[in-house]
Amino acid sequence: MLTAKGEEADIVTGLELGADDYVTKPFSPRILIARVRAVIRRKKKEETDDDMSVIQVHDIVINSHKREIIANGKPVDLTFTEFQVLYYLAKRPGWVFTRTQIVDAVRGDYYPVTDRSVDVQIVGLRKKLGSCGRYIETVRGVGYRFRENP
C-alpha cells in the first residue's frame, strides 16, 4: 500500500485489511523497489510450498488438490478441519507444532477457538486413520507432530 497517511491507526488498518506492506510518502524509490521485491520473494515461496499437492508419508497419501486421503490403501473421509490439520502436520514430518500454530495455519490468525479444539480434531483424525493414526504424536506440554520414521 502506498499512501500519504502515516498515522499509526492508518498503518495498522491497512495491514489488517490485507496489505502486504505499507509505505508512506515521501518514500525512496530504492526502498520501494526493495519492498516490492521482498513481497514477490514471499509470494514465490508460498507458490513453491503449494506445489506439494501430493504428499506420501508412511502409509498415507494426501492429495491436497483433490482433498483425498488414502491410508493403508483405503480412502478416508475427513472433515475440512481434520484434512487441513493432517496436511499441515504431514508437510513437515518431525517438526513440532503448538496448538496455536496449528489453529493459525488451518483457520488463520485470531480465529476464535480454544487450543483444546485442536485436541478434539487430533482424536478424530487418529480414529479415522485407524492404524495410521499412530503417526500423529503428542509432544507433551508443546503440541503435536507427524512422526518422521515409521
| request: Taking H placed 1.01 Å from N in the peptide plane, check which residues at least 5 places from Ile136 or on another chain put their amide H under 5 Å from its amide H. | output: Arg147
| said: I want to check the label-to-label distance for Lys25 and Ser131. Put each point 7 Å from Cα in the C-beta direction and report it in nm to one decimal. | reply: 6.8 nm
| query | Given the chain, what percent of its DSSP beta bridges are antiparallel, to the nearest 5? | reply | 90 percent
| message | List the residues, sorted by chain then number, that are 5 or more residues from Glu68 or on another chain and whose placed amide H is less than 5 Å from its amide H. | response | Asn63
| note | For Lys44, the lysines lying under 16 Å Cα to Cα, once residues fewer than eight places off in the same chain are dropped, come out as none
| task | Could you pull out every one of the lysines with an alpha carbon less than 27 Å from that of Lys25, ignoring same-chain neighbours closer than 8 positions? | result | Lys5, Lys43
| field | Residues of type lysines that Lys128 reaches as a straight line, Cα spacing below 20 Å, ignoring anything fewer than 8 places off in the same chain | value | Lys66, Lys74, Lys91
| field | Computed label-point distance, nm, for sites Arg35 and Gln101 using a 7 Å Cα→Cβ extension | value | 3.0 nm
| task | In a Gaussian network model over the chain where Cα atoms closer than 10 Å are linked, find which of Ala38, Ala90, Ala71 has the largest mean-square fluctuation. | result | Ala38
| remark: The extension gain from Val113 to Ile70, computed as 0.36 nm times the residue separation minus the Cα-Cα distance, is 12.6 nm
| query | Here are several values of mean projected area of the Cα convex hull in nm²: (1) 15.4; (2) 11.1; (3) 9.5. Which one was derived from the coordinates shown? | reply | (2)
| said: Taking 0.36 nm per residue of sequence separation and subtracting the Cα-Cα distance, how much length would be gained by fully extending the chain between Glu8 and Asn63, in nm to one decimal? | reply: 15.5 nm
| If you line up the long axis of helix 29-50 against the longest principal axis of the chain, both from Cα atoms, how many degrees apart are they, to the nearest 10? | 10 degrees
| note | Per GNM of the chain with C-alpha springs under 10 angstrom, the most fluctuating residue out of Arg107, Arg92, Arg41 is Arg41
| query | In the Gaussian network model of the chain, springs joining C-alpha atoms below 10 Å, which of Thr13, Thr98, Thr114 carries the largest mean-square fluctuation? | reply | Thr13
| message | Given the DSSP H assignment, sum -39500 (n - 2.57) over each helix run of at least 4 residues in the chain and divide by its residue total; what's the result at 222 nm in deg cm²/dmol, nearest 500? | response | -13500 deg cm²/dmol
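Read-outs throughout are calculated quantities, based only on the coordinates presented, and are distinct from any laboratory measurement. Please read these numbers as outputs of a predicted model, since none were measured by experiment. All Cβ positions, glycine included, derive from the backbone under ideal geometry; neighbour counts span all protein chains shown.
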